1. For a quick check: with amide H placed at 1.01 Å from N, whose amide H comes under 5 Å from C74's, ignoring anything fewer than 5 positions away on the same chain?
2. Could you tell me whether region 1-91 comes out rounded, prolate or oblate from its Cα gyration tensor? Rule is a ≥ b ≥ c as square roots of the eigenvalues, rounded for a/c under 1.5, then prolate if a/b exceeds b/c, otherwise oblate.
3. Let me cross-check M26: its accessible surface, 1.4 Å probe, with only protein heavy atoms counted, in Å² to the nearest 10?
4. How far apart, in nanometres, would the label points at K9 and S39 be if each is projected 7 angstrom from Cα along the Cα-to-Cβ direction?
5. Can you classify region 14-63 as rounded, prolate or oblate using the Cα gyration tensor, where a ≥ b ≥ c are the square roots of its eigenvalues, rounded means a/c under 1.5, and otherwise it's prolate if a/b beats b/c and oblate if not?
6. Keeping all protein chains in the complex and leaving out DNA, RNA and ligands, what accessible area do you get for F63 with a 1.4 Å probe, in Å² to the nearest 10?
7. Restricting attention to region 5-101, which trypsin sites (Lys or Arg not before Pro) occupy a DSSP loop and are surrounded by at most 11 other Cβ atoms within 10 Å?
8. Ignoring ligands, DNA and RNA, what percent of the accessible area of the chain is carbon or sulfur (1.4 Å)?
Amino acid sequence: MKNIIDERKDRLPKELMDKSPIQVYMFLKTSVEYAVKMSKIDYKFIVPSYSIANTEIQFLIPFYVDLGNKKPVCAIVTTKENGRYVLKTILPIDTAYNNARLLSIPDTGWLA
């Protein structure tokens, strides 16, 4: 989380810049929990991405400040390490779209 909240704070949307680390953490946690639930309904909701630098598959999760809003503010990058998924960084939506390896468009279209 430190990488996302402290080191990549410049990638966060303006409305989160003045929030405390705990508040940003709660938005991240809510977004991840929502994505896991949505992936049970739409298996394409969490989108794969290939990291050339690490030669591994990563996954893109939409990061919402307001779950009522159809569009996320950015994407959370996660990868599997030692049997657990770890949040690595966040990316702007346009960068996430360019990095995504879409086999098909998610039904929700958050990455379109």
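1. Amide H neighbours of C74: F63.
2. Details: a/c = 1.80, a/b = 1.20, b/c = 1.50.
Because a/c hits 1.5 or more and a/b fails to exceed b/c, region 1-91 counts as oblate.
3. Probe radius 1.4 Å; accessible area of M26 about 90 Å².
4. 2.9
5. Note, shape of region 14-63 comes out oblate.
6. Looks like 0 Å² after rounding.
7. Answer by residue number: K70, R101.
8. Carbon plus sulfur share of accessible area: 54 percent.
The values are calculated or read from the model by the stated rules, or taken from the named source; none is laboratory data. On a predicted model such as this, the values are computed, not experimentally measured, just so you know. Positions of Cβ are backbone-derived with ideal geometry, glycine not excepted, and every protein chain shown enters the neighbour counts. All accessible areas refer to the heavy atoms of the entire protein, side chains included, with ligands and DNA or RNA removed. Shrake-Rupley method; radii C 1.70, N 1.55, O 1.52, S 1.80 Å.
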